[in-house]
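What follows is a short report on a single structure.
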Amino acid sequence: MNLTEFIEGHRDQHLTELCEFLRIPSVSAKTEHKPDIEKAARWVADKLRSAGFKTVEVVPTNLHPLVYAESLEAPGKPTVLFYGHYDVQPAEPLHLWTSPAFEPTVRNGNLFGRGTADDKGQVHIHLKALESLQTVDGKFPVNVKVLIEGEEEVGSVSLWDYVQKNKEKLKADALIVSDTSMLAKGVPSITYGLRGLDYYQIELTGPAHDLHSGVYGGAVPNPLTILTELFAKLHDKNFRVTIPGFYDDVAKVPAAERKALNALPWKQKDFEKAVGAPGYVGEKGFTRVEQLWIRPTFELNGIWGGYMGEGAKTVIPAKAYAKFSTRLVPNQDPHKIAKLVEKHIRKLLPKTVTCKFDVLSTGKPWTAPFHAPIFAKAQAALEKGFGKKAVFIREGGSIPFVTQMYDTFKVPCVLIGFGLPDENAHAPDEHIALENYFGGIKAISYFYAGLATL
Ligand code: BES
Ligand code: MN
Ligand code: MN
């Protein structure tokens with residue numbers, strides 16, 4: 001039996017097994033899911049063993065275990081490192097899911113469930129591609145190292161330390177990742193740029209305790225009002241971030257690259273359908289694609305304080321809180337940006353409140369040239385799997401490990417995504433198109449096979 005026939009013949013088994021993976025609620029952000037995280041790590045390790053890896057380790061870290069495997073039995077052939085994550089985002093708000101987040105369900109050619117697109121479904125594509133190669137050929141075509149972590153959705157906090165301590169072990173000729181999106185359905189895509197991410201939280205304190213808003217209102221500072229005034233000042237009318245120095249180090253994107261990005265078959269209509277807002281905003285002077293991929297942003301992610309329960313409570317809260325983030329592009333330095341953000345916020349705040357300012361995580365942006373021969377191999381494999389030529393795109397999301405790996409080893413990083421921008425990653429009703437899941441297994445198996453002659 002040839003590879004394609006084998007994969008076609010195992011669709012049902014592959015899907016059933018993916019559903020088993022998706023039923024483990026491996027939410028990295030919540031302590032109550034620690035046992036599920038451990039279970040998911042063991043599950044991945046088991047599947048790597050059945051795919052043909054003889055060396056498989058579940059490595060404990062300060063937070064969640066990572067899974068490492070290797071098969072170095074192809075002398076003279078290249079060595080690749082495949083990276084993915086088995087952790088998922090929290091499923092809340094639960095009532096907005098059509099079918100429960102951890103009970104995977106097929107509807108209209110899509111598989112619904114937390115982690116289907118980000119990233120369990122995409123990790124499973126590689127597990128099954130490698131297993132298929134092993135079964136059909138009796139061996140892997142190249143040397144393969146695998147690193148599947150459990151902390152990506154909380155900023156890959158333990159990973160940096162692991163990479164620094166295991167440089168020799170992780171060394172490879174290329175990094176392969178499937179944790180991104182395709183530009184659109186039917187358009188296989190290779191991502192050559194990601195934004196970086198700094199994540200912050202602030203706590204403003206005014207009165208020593210909550211106050212009756214009738215007895216005291218009008219004569220005391222309200223931390224919630226001050227917080228909203230603060231955030232209203234951080235963008236101007238052209239939707240530019242007003243923090244001094246924020247744009248200073250932004251690298252100019254060459255005209256030819258901007259032209260290529262703007263010529264991609266990216267559809268405004270699809271974008272608006274996925275977003276569903278009554279109107280759109282974005283930094284003046286840049287196209288939508290540029291706003292999403294090559295420009296830095298400041299986003300408010302959560303804001304709370306005061307009374308949020310049922311009915312009314314007349315209170316002036318003692319405290320107000322916000323979570324917010326900056327997406328970064330080359331050559332912004334995450335630490336420098338965090339300092340600028342803190343300095344400006346402290347300057348804008350009145351003396352009537354005190355401010356506790358925390359930087360929860362930082363991550364560098366990444367872009368890299370894509371002329372190494374491995375990119376042509378990836379394109380050929382995607383074309384064979386999807387019947388269409390792959391395009392090269394940048395994306396707005398962040399994957400801390402890609403930058404760490406690129407900075408450490410300077411090797412080509414090949415990001416082949418099988419998600420779609422409207423598949424609700426991080427949101428209710430996350431799903432993956434079955435045609436991309438099944439097509440992905442084929443394309444990725446052709447890709448690994450093709451690397452034997454790199
Ligand atoms: N897979 C995403 C990143 C992504 C999504 C890249 C879409 C390109 C296109 C990843 O799991 C993710 O969500 N990353 C976080 C960053 C992390 C530090 C929490 C993000 O981008 O917000
Ligand atoms: Mn992901
Ligand atoms: Mn994610």
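For the reader, a short list of remarks on this structure follows.
- Test: residue in the range 173-192 that is within 18 Å of Pro365 (Cα to Cα), away from ligand 1 (no atom under 13 Å from the Cβ) and part of a strand (DSSP E or B): yes
- Test: residue in the range 48-57 that is farther than 17 Å from Gly115 by Cβ, surrounded by 18 or more Cβ atoms within 10 Å (Cβ to Cβ), among the basic types (Lys, Arg) and modelled with pLDDT of 95 or more: no
- Yes/no for Val44 being assigned to a helix (DSSP H, G or I), under 22 Å from the mean Cα position of the chain (by Cα) and either within 16 Å of ligand 1 (Cβ to nearest atom) or crowded, with 22+ Cβ neighbours inside 10 Å (or both): yes
- Pairs where the first residue, in the range 232-258, is within 26 Å of Ile393 (Cβ to Cβ) and the second is in a helix (DSSP H, G or I) and acidic (Asp, Glu), C-beta under 9 Å, 6+ apart: Val253/Glu290; Arg258/Glu290
- Near pairs, Cβ below 6 angstrom, 6+ apart or cross-chain, from the range 277-295 (in contact (Cβ under 8 Å) with a residue 24 or more places away in the chain) to any residue that is assigned to a helix (DSSP H, G or I) and surrounded by 15 or more Cβ atoms within 10 Å (Cβ to Cβ): Gly282/Gln291; Glu283/Gln291; Val289/Leu261
- Complete set of residues in the range 69-110 that are in contact with a Leu (Cβ under 6 Å, 6 or more places away or on another chain) and away from ligand 2 (no atom under 16 Å from the Cβ): Ala69, Pro78, Leu81, Pro104, Gly109
- Cβ-Cβ distances below 8 Å connect the following pairs, each with a first residue in the range 129-156 that is more than 26 Å from Arg11 (Cα to Cα) and of a type in the set (A, V, I, L, M), a second residue that is at pLDDT 95 or above and more than 16 Å from ligand 3 (Cβ to nearest atom), and a separation of six or more residues or different chains: Val154/Leu63.
- Members of the range 69-84 that are within 16 Å of ligand 1 (Cβ to nearest atom) and part of a loop (DSSP other than H, G, I, E, B): none
- Listed by position, the strands (runs of 3 or more DSSP E) enclosed by the range 282-387 that each have at least 3 residues that are more than 30 Å from Phe447 (Cβ to Cβ) and among the small types (Gly, Ala, Ser) are 319-328.
- Test: residue in the range 393-401 that is modelled with pLDDT of 95 or more and more than 16 Å from ligand 3 (Cβ to nearest atom): yes
- Scanning the range 393-411 for residues that are away from ligand 1 (no atom under 14 Å from the Cβ) and either surrounded by 23 or more Cβ atoms within 10 Å (Cβ to Cβ) or within 24 Å of Ala263 (Cβ to Cβ) (or both) yields a single hit, Met405.
- Given (1) closer than 30 Å to Ala381 by Cβ; (2) out of contact with any Phe, Trp or Tyr (no Cβ under 7 Å at 6 or more places or on another chain); (3) of a type in the set (Gly, Ala, Ser), index of the condition Ser178 fails: (2)
- With respect to the conditions (1) under 20 Å from Leu159 (Cβ atoms); (2) over 21 Å from the mean Cα position of the chain (by Cα), Phe401 falls short on a single one, namely (2).
- Filter result for the condition that a residue is hydroxyl-bearing (Ser, Thr, Tyr), touching a residue at least 24 places away in the same chain (Cβ under 8 Å) and touching a Leu at 6+ places or on another chain (Cβ under 7 Å), over Thr228, Thr180, Thr205: Thr180
- Identity of the residue in the range 149-172, in contact with a helix residue (DSSP H, G or I) (Cβ under 8 Å, 6 or more places away or on another chain) and within 30 Å of Ala433 (Cβ to Cβ), that ends up farthest from ligand 1 (Cβ to nearest atom): Ala172
- Only one entry of Thr4, Thr55, Thr16 meets the criterion of being in contact (Cβ under 8 Å) with a residue 60 or more places away in the chain, among the polar types (S, T, N, Q) and under 30 Å from Lys139 (Cβ atoms), and that entry is Thr4.
- Failed item in (1) within 16 Å of ligand 3 (Cβ to nearest atom); (2) in contact with a helix residue (DSSP H, G or I) (Cβ under 8 Å, 6 or more places away or on another chain), with Leu175 passing the rest: (1)
The values are calculated or read from the model by the stated rules, or taken from the named source; none is laboratory data. The structure displayed is predicted, hence computed values, not measured ones. Cβ sites come from the backbone with ideal geometry, for glycine too, and all protein chains shown count toward neighbours.
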